[in-house]
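Read the structure below first, then the notes.
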Amino acid sequence: MQEPTLDATTAAPPNPFRGRVLIVEDDRGLLEAYTDVLLEAGFDVAAASNGTGALRALDGDAFDVVLTDVVMPGCTGLDILRAVRERDLDVPVVLVTGNPSVESAVGAVEMGALHYLLKPVGRDELIRCVEHASRLRKLAGVKRDALRYLGHIDRPAGDRAGLEAVFARALSGLFMAFQPIVRTLDGSVFGWEALLRTKEPAVTGPLAFLETAERLGRVGELGRLIRASVARTANQRRGTVFFVNLHPDDLLDEALFDASSPLSVLAPEIVLEITEQSPFDRVPDVRDRVRRLRSLGFRLAVDDLGSGYAGLTSFAALEPEFVKLDRGLVQDIDSEPVKRKLVGSIVTVSRDLGITVVAEGIETAAERAVVAGLGCDLMQGFFFRHPEPWREEDGLPLSAEGPPCPPQSGS
C-alpha cells in the first residue's frame, strides 16, 4: 500500500474554516482511512507514518490540529506532543491508541493532550473531535491577540508539555542583569542587584519565569543556575556586594547551604533577598535554615516591603540586615503625603532595629529627593540606571566614603 505523502491532495478544495491537520500513524491502513475521512470533511490534511516524517512536517508547515498514534516504533505520541509544544504552544494534540490504560490516559492529559481516543475510531467521532480541536486552536489565537491588545503579559503555556518546552528554552537563554544600589549620602555604588532575565520571548519577565518553574516543580534547579551565574560574575569582582533574590522554595534546597558551592564561597559579599509577597509556612524550620545561611556568612534582606503579608512573620523569621521598600511606596511619593508618612515611619523603626533601608523603584529626581530627605540609606531605580548585563566597566570597588557596610550577624 502506498504511503500518503506529507502534502496529501484532496478530492475537493478544503474548507479554510476547518483547518489544517497533521496525522501521525504507523499503521498505513489507518493513516489512509483517517486521511480520507478528514479530507472528505473539508480539512486540509498532511500525513506522516513515523516520527521523522512528523518532525519534518512540523518544521515545514503550521497546523491547527495534530492527530497522533500513541505507540510507534522509535517514537511515541507524547514525543510528538513535546515536539509540537517546542514549535507552537497552542496547537491541540489528539492521541489515539489501541492499548488503553488508566496510567497512559492520565499521563496524556497531564502532559497536555486535548483528547484521548480509543481504536477503532468511528468516522463521526473522528470528525467531531478534530472539529472541536480546530475551534479551540482558533480560540487560543484570538485570546492571545486580545491579551496583547489589552496590554496584558502572556502567561506561560497551560499544559505540561508546553511548559517544559518553554522552560527548557528559557533556561538555555538565561542571563543576569545588574542594577546598582547607591548610597543616599554621596551617590556612590554600595552594591548590585542581580536580576533574572532570559532571551526566550515566550517568557515575558522574571515573574513568568519563576511561575513556570513553580508549576513544573523546578524552582530548585532554576535557583541553582541563578546562583551559579551570579557567582561567576561576583568571583571576578571580589569586594563588591551583590544582592541575589531567593524564592522561598530555595530554602528547601540543601545545595543552598553547601559551604563549597560557588556562591557560598563568596557569602560575606552576598545579600540574599526574600520577597515579603511569599509565605514561609511551607518551609519547615525556617529559623534554623536562616541560621545556617548566616553561619556561612550571608546577610539577608526582606524585599518588597509594603506589598506582602501583614504582620511580623518575615521579620521574625529572617531578622534581616536590609529592608527594601516596594516600589509602590516610592512611586509618586513626592505628591502623596500618605506615602511620605508611611516611609518615614518605616525608616524610623528600621533605624531603631539597626536595619538598613533601601528605596527601590526611584524613577524621578523628585522621588529621589523625598526618600533622601526621609532618611533612606540606599536607593535603587531607573533614575540611576536600568538593569543591564555585566560589563567590565561596572566592576567598581566599593567606595570608602558614605555609610559603612552593616556588620554581619554572627548567629
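Bear in mind that the values in this text are calculations on the coordinates, not laboratory data. Since the structure is predicted, the reported quantities are computational estimates derived from the model, not experimental observations. Here the Cβ is made from the backbone with ideal geometry for all residues, glycine too, and neighbour counts use every protein chain on show.
More than 21 angstrom separation, counting every C-alpha pair in the stretch 208-300; what % is that? Across the stretch 208-300, Cα pairs with separations above 21 Å total 27 percent. A simple packing score, the average count of other Cβ atoms within 10 Å per residue, orders the peptides 348-357, 223-232 as 223-232, 348-357, with the highest score first.
Its alpha carbons considered, the stretch 33-98 gives a radius of gyration followed by a Dmax of 11.4, 31 Å. Note on the stretch 164-254: antiparallel DSSP beta bridges, both residues inside, total approximately 70 percent of the bridges counted.
Please report the net charge: other residues with Cβ closer than 11 Å to the Cβ of L39, K and R +1, D and E -1. Net charge around L39: -3. Hey, what do the phi angles of the stretch 376-387 turn into as Karplus ³J(HN,Hα) couplings, whole Hz, using 6.51/-1.76/1.60 and θ = phi - 60°, x for Gly and Pro? Karplus values, whole Hz, x for Gly and Pro: 4, 6, 10, 9, 7, x, 4, 4, 8, 5, 6, x.
Please give the net charge around L30, taking every other residue with its beta carbon less than 10 angstrom from that of L30, where Lys and Arg add +1 and Asp and Glu add -1.
Working: positive: R28, K119; negative: E25, D26, D27, E32, D69.
Net of charged neighbours comes to -3.
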